[in-house]
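For reference, the structure is listed below as structure tokens.
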Amino acid sequence: MTAPAPEAELSPDEARAIAIAAALPAGGFPTVTAALAHLHIVQLDGISALARAHQLTLTARVPASTITTVDDSLNNRSRPIAFDYPAHALSLVPIANAGRGVCWCTAR
């Protein structure tokens, strides 16, 4: 069986632009909660050469944020917005996704 012909041809640069636009809308996200809701999962990384992976991912997508505001959003809230989940690698998952095939782990 052969694969169907593609409906459109994309250059690598066009494909990259589409992928970036899907992960980072123009202007970014207004809050860490909004970024997590859009991304659905963010990998945690215990190695911090510059900063931890989830901090870099979220500060890149929430223009007004800093590493401190990301950490405060994840750790200093009366209601958690994400939890740690051991998927392929340890990841942050929005609380709203609990019960969608993932188990409850440590709230953040």
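Values in this text are rule-based calculations from the coordinates and carry no lab data. For clarity, every value in this text was computed on a predicted model and none was experimentally measured. Cβ placement follows ideal geometry from the backbone for every residue including glycine, while neighbour counts extend to all protein chains displayed.
What the Cβ-Cβ distance of A64 and A89 gives, at R0 = 22 Å and to the nearest 0.05, is a FRET efficiency of 0.20. On full extension, the segment bounded by A34 and A22 gains 2.9 nm, given 0.36 nm per residue less the C-alpha separation. In terms of overall dimensions, the C-alpha atoms belonging to region 1-69 reach 51, 27, 21 Å along their principal axes, ordered largest to smallest.
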